[in-house]
Amino acid sequence: MTAAATYDLGKLHGGLRLPGEKEASTARHVQTATVPPQLFIPLTQHVGEAAQPVIDIGEAVLKGQLIATAYGSLSAPIHAPTSGKVVAIEPWPVSQRHGETGPCIVLESDGEDVAFRYENRPLRYESMAPDDLLQTILDGGIVGLGGAVFPTAQKLMQAVTAPLTHLILNGVECEPYISCDDMLMREQAAEVLGGAQILMHALGLGNCFIAVESDKPDAIHGLATALGELDDKRIVLKQVPTIYPSGGEDQLVQLVTNLEVPSGGLPTDVGCVVQNVGTAAAIYRWIHDGEPLISRITTVTGDGVVSPVNVEARIGTPVSELIAIAGGYTERASQMIVGGPMTGKSVTTDRVPLVKASNCILVLSDVIPPDDEKPCIRCGECALVCPIQLQPQQLYWFACSDNEKQLRAHGLTDCIECGCCDLVCPSHIPLTADFRQAKARMREMADEKARAERARLRFEARSARLQQEQAERERQLAGQKQAALRAGPDAIREILDRNRDKNRQDDEA
Amino acid sequence: MDFERRDAPFVTPSTDVASVMRQVLYALIPAALAYVWYFGPGFIFNLLIAAIFCAAGEAAMLRLRHRPVETVLGDFSAMVTAALLAFALPALTPWWVTATAALFAMVVAKHLYGGLGFNLFNPAMAGYVVVLVAFPMDLNLWTAPRIGDLDYHYLSLYETARYTLTGTFPDYLSFDAISRATPLDVVKAGLNSMSTFEEMRSYPMMGDFGGRGWEWIGNFTAIGGAWLLLRKIIRWQIPVGVLTGLLLPAGLFYFFDPAVHASPGFYLFSGGTILGAFFIATDPVTAATSPRGRLIYGFGIGFLTYAIRRWGSYADGVAFAVLLMNMATPAIDYLTRPRIVGHPKKTWGR
């Protein structure tokens, strides 16, 4: 049995010790939500382009059946969360960063929950070539469940092109309130470990670290117990200090391996692949049980709900149903966030469905009073907590003046938007939001430049073409003229007569 | 159910500018008590006048600049400026001198540069230096500290009020009768006239390290500074930088030639050293912000203070040193940016 041990860890700059706020939601076991009568399944549940529906309206589908196929390089397929009938494909409020509404497949449950049977399950992946295994993972619709929803198969396919040394499963879950990974590791540790084994095979790696924050003794215990039963020496638990944002991908790599992911690079640049523990469990379910990613555990919590709880629910379940499982709203509920309090996204309605990315539904009562922003007094507290060691007080200055050159020089694009600087700012400046906007403006400017450059090239090409055509025409005319002169006056008269006849015939016609 | 839209993060910050400034004011209380004890109630008059004119100057500028007057005055930053001015000025200062300093600090040094957060120069020090240059006589009138065996005249409330309001004494008192050179003046003049520091040490006004009375004000100021450090209102780099910048050259010169140089302990416990290290140089707006930059910034202030005290024409140099280093702040910040995580390790600067 491998007990959780603290190895020589790398050190994170800055960061914050935040109150966990996780006790309330971890007091009960994970509740299983009943399948609602109607599910709203967004076609974009991953970073890339929307998946393409492969079913018709009115068609009956089985649970786990493919209903939309991956389209484009960073897309992932989507499967029916239950059996029933497709009643519509239409825009519906969603909780993603792509806008307020998005195209959704509306599925009416038949109440039977009959599963589509995938063959050869459990799949004997040990005898599969890693490439085939990756292709199979792609078909499971699995995306990063830590919140980034990068399609897992593509991430793994990219990873195997680099020399790899470490697989790290991310069970850190450093943001306050969120506890779905904690509960998963407590209650379904065997699936996490099974996923770890599959991932090691797919990546051709002989070791795997599972990183868990030190404030999750029950999760560590759950994993350690399951690991004892599994007896796989390749998997090692690693306890990391409870400090936000140790669960950020690059930050975790730094903590576990003491290597820095280069600016603009990926963990694979330093030989690391990071996968969320929930993703590992989803891979296990798909490879072992033939169940694609159609459900997930989500934390429904905050002082805006009566009894916070973790719920395992089907993708597409309206958030209002999950709130009901948590005992409904308290009187003070005023803000709904999908994700955690540091990096989540506020939504305006609880009609939004649960998606693959929804690790937490946070309902809060009080929020920062608006219009409370004061000038920056340059206290530098933000720089002390920045895990990237940026100088937010300088960046803020340059963001206000839209100084793109200095923004780049001061590393705006390296900002991970963790929100630490906001929390320590005595002037209550929404730094993260300002930086997000500055980044967007910078991207826009770059796009604009690229568009102008393309237009310039197009214009120059067209001018050159026109010039060439003109020259060609002139050369032809000159040639004809020469030929006519060479042929003499009789020939010229003949040509003119012929033209006149031709014109007359045209007129008569 | 419907909700409002907002940007992450959704956590209320734990601190605010007003509370930071208030804590700086609290931290000055021990020093203020010591000051009043040794130099009389004039400090309180100065503080009141400075506070009134700082508030008035700030309010007027805010109105002119169409900024909300109440919310900005409520951040207490003008009060910190007023307090620092009161500490910098002699206990006996006519009100118009204090008012000039306060108005210059607020109107020119602070608001003409854009108000809190945008001022390049420390407002209190800018105001102080203006009156130091404009009213040199008034700024030289220090009394002896109230210590039993010293020849002092502890001014009554009436005498102080009268002088503050009119700049005159009752008939039985005269300027010359009560004014005393400060230890810094004495030592500077002494060293310049070839007396040794050892000789000067035996003067009754000299204490264990610095001037008597002044040492204790220094101690009480340091208590407030330590509290600010504990509360993480200020960070250690600037105070350590200032003290190192002052004590290192002072120590070296004293070590090699103790006859013609004053001891580092004397410089530490004289004039505005400790107040400067913990309360003036640490004004966040005008100081460098990176940890390394703050050390350099502090060191520069300490070193310049020593240079001015030792070789300049002014007895103390903290105010000039702070203003000079204020000018260097943007460059220091630019050159001491820490390496961003994930960026290649590079050589100095960039």
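Taking the stated definitions as given, is A:L12 under 30 Å from A:I388 (Cα atoms) and either among the small types (G, A, S) or outside any helix (DSSP H, G or I) (or both)? Yes; evaluated as a whole, the condition is true for this residue.
In the range A:364-371, the condition of being under 27 Å from A:A24 (Cα atoms) and more than 10 Å from every other protein chain (Cβ to nearest Cβ) is met by at least one residue. Remark: A:V305 matches the filter, which requires a residue to be over 20 Å from the mean Cα position of the chain (by Cα), in contact (Cβ under 8 Å) with a residue 24 or more places away in the chain and more than 16 Å from A:V172 (Cα to Cα). Of all residues in the range A:342-360, those that are more than 7 Å from chain B (Cβ to nearest Cβ) have Cβ atoms under 9 Å from Cβ atoms of residues that are surrounded by fewer than 24 Cβ atoms within 10 Å (Cβ to Cβ) and of a type in the set (F, W, Y), 6 or more apart or on another chain, in A:R351/A:W92; A:V352/A:W92; A:P353/A:W92. The set of residues in the range B:31-58 being outside any loop (DSSP other than H, G, I, E, B) and farther than 15 Å from B:V80 by Cα consists of B:L33, B:A34, B:Y35, B:V36, B:W37, B:Y38, B:F39, B:G42, B:F45. For the range B:297-345, the set of residues classified as within 14 Å of chain A (Cβ to nearest Cβ), hydrophobic (A, V, I, L, M, F, W, C) and crowded, with 17+ Cβ neighbours inside 10 Å consists of B:I332, B:I340, B:V341, listed by residue number.
Looking at B:L155, is it in the same structural domain as B:F39 (by TED's automatic domain parsing), touching a helix residue (DSSP H, G or I) at 6+ places or on another chain (Cβ under 6 Å) and among the aliphatic types (A, V, I, L, M)? Please lay out each step first, then the result.
Working: in the same structural domain as B:F39 (by TED's automatic domain parsing): yes; touching a helix residue (DSSP H, G or I) at 6+ places or on another chain (Cβ under 6 Å): no; among the aliphatic types (A, V, I, L, M): yes.
It is false that B:L155 is in the same structural domain as B:F39 (by TED's automatic domain parsing), touching a helix residue (DSSP H, G or I) at 6+ places or on another chain (Cβ under 6 Å) and among the aliphatic types (A, V, I, L, M).
Selection of the range A:342-356 for residues being in a loop (DSSP other than H, G, I, E, B), surrounded by 24 or more Cβ atoms within 10 Å (Cβ to Cβ) and either acidic (D, E) or under 17 Å from the mean Cα position of the chain (by Cα) (or both) yields A:M342, A:G344, A:L354, A:V355, A:K356.
Under the condition of being away from chain A (no Cβ under 14 Å) and over 17 Å from the mean Cα position of the chain (by Cα), which residue from the range B:12-38 is surrounded by the fewest Cβ atoms within 10 Å (Cβ to Cβ)? Can you show your working first?
From the range B:12-38, those away from chain A (no Cβ under 14 Å) are B:25-38; that's our starting set.
Filter once more, keeping what is over 17 Å from the mean Cα position of the chain (by Cα): B:37-38.
Working: B:W37: 16, B:Y38: 22.
Applying the filter and picking the extreme gives B:W37.
If I go through the range A:215-224 residue by residue, how many of them are over 16 Å from A:G278 (Cα atoms) and in contact (Cβ under 8 Å) with a residue 60 or more places away in the chain? Looking only at that region, the number is 3. Name the single residue, out of those in the range A:240-288 being within 13 Å of chain B (Cβ to nearest Cβ), of a type in the set (D, E, K, R) and part of a helix (DSSP H, G or I), that is farthest from the chain's Cα centre (by Cα). Result: A:D269. Determine whether the range B:292-305 contains at least one residue that is farther than 23 Å from B:A189 by Cβ, in contact with a Pro (Cβ under 8 Å, 6 or more places away or on another chain) and assigned by TED's automatic domain parsing to the domain that holds B:I217. Scanning the range B:292-305, I find at least one residue that is farther than 23 Å from B:A189 by Cβ, in contact with a Pro (Cβ under 8 Å, 6 or more places away or on another chain) and assigned by TED's automatic domain parsing to the domain that holds B:I217, so the answer is yes.
Pairs are defined by a Cβ separation below 6 Å, a sequence spacing of at least 6 or placement on different chains, a first member in the range B:104-117 that is over 12 Å from B:C54 (Cα atoms), and a second member that is buried (at least 20 other Cβ atoms within 10 Å of the Cβ); the pairs so defined are B:Y113/B:N119; B:L116/B:S77; B:G117/A:C376; B:G117/A:I377; B:G117/B:V285.
Of everything in the range A:327-338 that is outside any strand (DSSP E or B) and facing chain B (nearest Cβ under 8 Å), the residue that is surrounded by the most Cβ atoms within 10 Å (Cβ to Cβ) is A:A333.
Looking only at the range A:113-153, which residues are surrounded by fewer than 17 Cβ atoms within 10 Å (Cβ to Cβ) and part of a helix (DSSP H, G or I)? Listed by number, the residues that qualify are A:E126, A:S127, A:P130, A:D131, A:D132, A:Q135.
Table: residues versus (1) assigned to a helix (DSSP H, G or I); (2) surrounded by fewer than 16 Cβ atoms within 10 Å (Cβ to Cβ); (3) modelled with pLDDT of 85 or more.
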residue	(1), (2), (3)
B:Y128	yes, no, yes
B:L141	no, no, yes
B:P145	no, no, yes
B:D149	no, yes, no
B:Y152	no, no, no
B:R162	yes, no, yes
B:Y172	no, yes, yes
B:K188	yes, no, yes
B:M194	no, yes, no
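Scanning the range B:195-209 for residues that are within 10 Å of B:A259 (Cα to Cα) and touching a residue at least 60 places away in the same chain (Cβ under 8 Å) turns up B:T196, B:F197, B:E198. Against the test of being of a type outside the set (A, V, I, L, M) and in contact (Cβ under 8 Å) with a residue 60 or more places away in the chain, the options A:Q52, A:Q38, A:Q65 yield a single qualifying residue, A:Q38. Applying the condition of being in contact with a helix residue (DSSP H, G or I) (Cβ under 6 Å, 6 or more places away or on another chain) and more than 9 Å from every other protein chain (Cβ to nearest Cβ) to the range A:413-422 and asking which residue is nearest to A:L390 (Cα to Cα) yields A:C415.
Among the residues of the range A:173-186 satisfying the criterion of being within 18 Å of the chain's Cα centre (by Cα) and away from chain B (no Cβ under 14 Å), which is modelled with the lowest pLDDT? Per the criteria, the residue is A:E173. I'd like to check something: does the range B:270-281 contain any residue that is touching a helix residue (DSSP H, G or I) at 6+ places or on another chain (Cβ under 7 Å), within 14 Å of another protein chain (Cβ to nearest Cβ) and closer than 25 Å to B:G114 by Cβ? Yes, the range B:270-281 contains a residue that is touching a helix residue (DSSP H, G or I) at 6+ places or on another chain (Cβ under 7 Å), within 14 Å of another protein chain (Cβ to nearest Cβ) and closer than 25 Å to B:G114 by Cβ.
Yes or no, residue by residue, for (1) among the polar types (S, T, N, Q); (2) part of a helix (DSSP H, G or I); (3) closer than 22 Å to A:T299 by Cβ; (4) out of contact with any helix residue (DSSP H, G or I) (no Cβ under 8 Å at 6 or more places or on another chain):
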{"site": "A:K155", "(1), (2), (3), (4)": "no, yes, no, yes"}
{"site": "A:L164", "(1), (2), (3), (4)": "no, no, no, no"}
{"site": "A:L169", "(1), (2), (3), (4)": "no, no, yes, no"}
{"site": "A:P176", "(1), (2), (3), (4)": "no, no, yes, yes"}
{"site": "A:L184", "(1), (2), (3), (4)": "no, yes, yes, no"}
{"site": "A:G194", "(1), (2), (3), (4)": "no, yes, no, no"}
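The sole residue among B:A181, B:A226 that is aliphatic (A, V, I, L, M) and either on the phi > 0 side of the Ramachandran plot or in a helix (DSSP H, G or I) (or both) is B:A226. If you go through the range A:72-112 and keep only what is in a loop (DSSP other than H, G, I, E, B), under 19 Å from A:G141 (Cα atoms) and modelled with pLDDT of 85 or more, you end up with A:L74, A:S75, A:A76, A:P77, A:A80, A:P81, A:T82, A:S83, A:V94. Taking the range A:425-444 as the range and being within 25 Å of A:C174 (Cβ to Cβ) and within 7 Å of chain B (Cβ to nearest Cβ) as the test, the residues that pass are A:C425, A:P426, A:H428, A:P430, A:T432, A:A433.
Report yes if A:A324 is of a type outside the set (D, E), within 12 Å of chain B (Cβ to nearest Cβ) and over 17 Å from the mean Cα position of the chain (by Cα), otherwise no. For A:A324, the condition - of a type outside the set (D, E), within 12 Å of chain B (Cβ to nearest Cβ) and over 17 Å from the mean Cα position of the chain (by Cα) - is met.
The values are calculated or read from the model by the stated rules, or taken from the named source; none is laboratory data. Quick caveat, the model's predicted, so the values are computed rather than measured. When we count neighbours, we look across all protein chains shown, and the Cβ atoms used for this are built from the backbone with ideal geometry, even at glycine.
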